[in-house]
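Coordinate-derived values only; no laboratory data. Just so you know, these numbers come straight off a predicted model, no measurement behind them. Reconstructed Cβ throughout: ideal geometry from the backbone, glycine too, with neighbour counts over all protein chains shown.
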Amino acid sequence: MATVEQPKNKLKLYSYWRSSCSCRVRIALNLKGLSYEYIPVNLVKGEQFNPEILKLNPLGYVPVLVDGDFVVSDSFAILMYLEKYPQHPLLPRDLHKKAINYQAANIVSSSIQPLQNLAVLKFIEEKVSPDEKLPWVQYHIRNGFAALEKLLKDHAGRYATGDEIFLADLFLAAQLHPAIKRFNVDMTPFPLLSRLHEAYNELPAFQNVGRIEADVAADGSGVRFYQQFDHVEYEALAAKKRKGLGDCEGRIMIKVLSLPVAHANYRAKLKKRGRRKGSKNKLSPKITKMLGDATVLYAHGRYEEAISVLNEVVRLAPHVPDSYHTLGLVHIALGNTEKAMGFYTIAARLMPKDSPLWRVLFDWHK
């Protein structure tokens, strides 16, 4: 069974939620199962120019990774540094495939992302016109995407350069999300990149970072993250599971391995008699907030508090895979691989049959 090597010192990551450069690093940390303290830097408020940040990176950019006495900035440099941890290598051994990964990553990091960052957009707004910002960004993203579509067409498999996640995927995932969600780029001319975007959205390590929607509350009252969960939930199923489970007093639900079976039985009954009117609902605001709070705690390394919140989510809504998903990530960070696999098993059983978690579990057992 693969072991997860952890750093001797607690890693610290200075990051901003909308920074695609920071997103690449957060994905890598998740993939490698590395524990770290998340330190938000609000670029819109200019916190990157605080003396503390400028001491770490004179350019005032994020991300910055601190490992004991060692400080490294720039996402590319950080990703290369993280290769000191052998679990889930970010570069393939094959020299040709490695070159393609570097090339794809460089297209994003040199020909797309710098032309859409906050400083450039602010300059265009002030020197040209606010109306020119979006056309500028879309033009350069389309050019970069066209190059990537051509580059990867003969190399892509399930992911950018084959059937495994490597460096190129981290850069692509972090660029595709804002291109689609923030800059409204028409993806019709880019079928390969569109398919990769959908594939990344199914991966736990990518989902966890992509859901973080904000770092610091505007009123300065503290950290406030927002999460968006797209899963369709069944309140009737939740009520049935709560009744069956009773009051678990927030205990870890690793023992409830029969839950997925009950879920499958319930869905079979629904097919026979039809779903009850009004049973198809999204997550309640309370559960959504709790899941968001748990992700904040996880990102800040407050693992025991995250576990406590997630246990309560399981008690209230045991049918939600996200809670088990995040519990798995928390226990990976704590080095509890066995517990993590148990939670991932529950999450996988609650998700569609093609859930990538099954591959994660298989790789762990090899």
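By count of other Cβ within 10 Å, fewest leading, how are E149, E338 ordered? Kindly include the intermediate steps, with their values, before the conclusion.
Working: E149 16, E338 10.
So the residues, fewest neighbours to most, are E338, E149.
State which entries of K10/K153; K12/K45; K286/K339 exceed 30 angstrom in Cα-Cα distance in the structure shown.
Values: K10/K153 40 Å; K12/K45 21 Å; K286/K339 26 Å.
Flagged as over cut-off: K10/K153.
Run through every distinct alpha carbon pair of segment 11-84 and return the Kirkwood hydrodynamic radius in angstroms, one decimal place. Evaluated on segment 11-84, it is 12.1 Å. Highest mean first, the peptides 86-96, 65-75, 28-38 sorted by other C-beta atoms within 10 Å per residue fall in the order 28-38, 65-75, 86-96.
P(r) tail for segment 16-144: Cα pairs beyond 18 Å make up 61% of the total.
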